[in-house]
Amino acid sequence: QVQLVETGGGLVQPGGSRRLSCAVGRSIVDSDGLGWYRQAPGKQRELVATITKGGSTNYSDSVKGRFTIFRNRGRNLMYLEMTSLKPEDTAVYYCNVDFGLQSYWGRGTQVTVSA
């Protein structure tokens, strides 16, 4: 079992910024990929951003140009830098680590974008 813990959620005003962190209880150097997902009330969990072992990133159209996914392999940390936040970004955000045979999820952190 690999534990993932998200931090950094909270209330932010529209247009504001927020950085989410995810601490991974295993070396992420071994990971095939890392990802951030989110789930709004009444909706399915959706992909936000991914980063591959080689560092290639992919973003959903709704966050492209506003969010950045990055990692610190030495500290087993992954991040989601969010800027220009909109009310529709309000959701529980989850980190995910893919080790090929197994993927692991954090418990999530709430991000609320509201004036």
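The values are calculated or read from the model by the stated rules, or taken from the named source; none is laboratory data. Just so it is clear, the model here is predicted, and its values are computed rather than measured. Backbone-built Cβ (ideal geometry, glycine too); neighbour counts: all protein chains shown. Remember, those area values only see protein heavy atoms, side chains included, never the ligands or the DNA or RNA. Shrake-Rupley method; radii C 1.70, N 1.55, O 1.52, S 1.80 Å.
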### Message
Going through Tyr94, Tyr79 one at a time, which residue ends up being touching an Asp or Glu at 6+ places or on another chain (Cβ under 8 Å) and not hydrophobic (A, V, I, L, M, F, W, C)?
### Response
Tyr94
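Gly65: closer than 24 Å to Asp32 by Cβ and assigned to a loop (DSSP other than H, G, I, E, B), yes or no?
Numbers: closer than 24 Å to Asp32 by Cβ: no; assigned to a loop (DSSP other than H, G, I, E, B): yes.
No; evaluated as a whole, the condition is false for this residue.
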### Summary
Within the range 68-91, residues open to solvent by 60 Å² or more (accessible area, probe 1.4 Å) and not in a loop (DSSP other than H, G, I, E, B) come out as Thr68, Phe70, Arg71, Arg73, Gly74, Arg75, Pro87, Glu88
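Considering only residues that are assigned to a strand (DSSP E or B) and of a type outside the set (Gly, Ala, Ser), look in the range 45-57 and name the one that is surrounded by the most Cβ atoms within 10 Å (Cβ to Cβ). Steps first, answer last, please.
Taking the range 45-57 as the starting set, the residues that turn out to be assigned to a strand (DSSP E or B) are 46-52, 57.
If we keep only those that are of a type outside the set (Gly, Ala, Ser) as well, we get 46-48, 50-52, 57.
On the way: Glu46: 12, Leu47: 14, Val48: 24, Thr50: 18, Ile51: 22, Thr52: 14, Thr57: 14.
Looking at residues that are assigned to a strand (DSSP E or B) and of a type outside the set (Gly, Ala, Ser), I get Val48.
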### Test: residue in the range 58-65 that is open to solvent by 30 Å² or more (accessible area, probe 1.4 Å) and touching a Lys or Arg at 6+ places or on another chain (Cβ under 7 Å)
no
#### Entry: Subset of the range 1-44 (residues that are in a strand (DSSP E or B), farther than 18 Å from Tyr59 by Cβ and hydrophobic (A, V, I, L, M, F, W, C))
Leu4, Val5, Leu11, Val12, Ala23, Val24
